[in-house]
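Okay, so here's the structure we're looking at.
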Amino acid sequence: MRGMKSIKSIYPLRLPRSLKAEVARRAKDDLVSINQFIAIAVAEKLSAMDSASYFAERREGVDFDAFDRIMGRDGAEPPPPSEDVIL
C-alpha cells in the first residue's frame, strides 16, 4: 500500500482483559503496535475467508469421475519431451 492514500476509520473495540493482554504481549513480541497487530489479524482472517469461498466455488465445477479416471491410470509411460522439467 506504499504510496497509496488510505482512509482510516475509528472503531472502538472492546476485548476481554485476558484477550487484550495476550494481543499486547504478541504485538510487543512482533515489534508492532496493538492496532497494527489487530489490523493484520483482521486482514489475515478476511484472506482466509476469501480463500475458503474461492475453493468452495471451484469445487462446484469439479468432475470427480474424470479425476478418478485420471488418477487411476497406470502411468507406465514417461512424460513426453515437451513436458521435461529442467532443473
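No value in this document is a laboratory result; all are computed from the given coordinates. Quick caveat, the model's predicted, so the values are computed rather than measured. Here the Cβ positions follow ideal geometry from the backbone for every residue, glycine too, while neighbour counts run over all protein chains shown.
Karplus couplings for the stretch 66-71 from phi (6.51 cos²θ - 1.76 cosθ + 1.60, θ = phi - 60°), rounded to Hz, Gly and Pro as x?
With coefficients 6.51, -1.76 and 1.60, one gets 5, 4, 4, 5, 5, 6 Hz.
Would you indicate which of (1) 30, 25, 24; (2) 61, 33, 30; (3) 48, 33, 19 is the value of Cα extents along the principal axes in Å derived from the coordinates of this structure?
(2)
Starting from the Cα-Cα distance between N35 and D65, subtract it from 0.36 nm times their residue separation and give me the gain in nm to one decimal.
5.9 nm
Going by average Cβ neighbours within 10 Å, how do the peptides 46-55, 6-15 rank, with the highest at the top?
46-55, 6-15
Which residue, E44, E77, E22, has the most motion in a Gaussian network model of the chain that connects Cα atoms within less than 10 Å?
Residue with maximal mean-square fluctuation among E44, E77, E22: E77.
Put +1 on the Cβ of every Lys and Arg and -1 on every Asp and Glu Cβ in the chain; which of S53, F67, V42 then has its Cα farthest towards the positive end of the dipole?
Of S53, F67, V42, it is V42.
Step through the residues of the stretch 33-49 one at a time and calculate ³J(HN,Hα) from phi using the Karplus curve (6.51 cos²θ - 1.76 cosθ + 1.60, θ = phi - 60°), rounding each to whole Hz and writing x for Gly and Pro.
6, 4, 4, 5, 4, 5, 4, 5, 4, 5, 4, 5, 5, 4, 5, 4, 5
I'd like the Karplus ³J(HN,Hα) series for the stretch 12-18: coefficients 6.51, -1.76, 1.60, θ = phi - 60°, whole numbers in Hz, and an x wherever there's a Gly or Pro.
Going residue by residue, I get x, 9, 9, 10, x, 3, 5 Hz, with x marking Gly and Pro.
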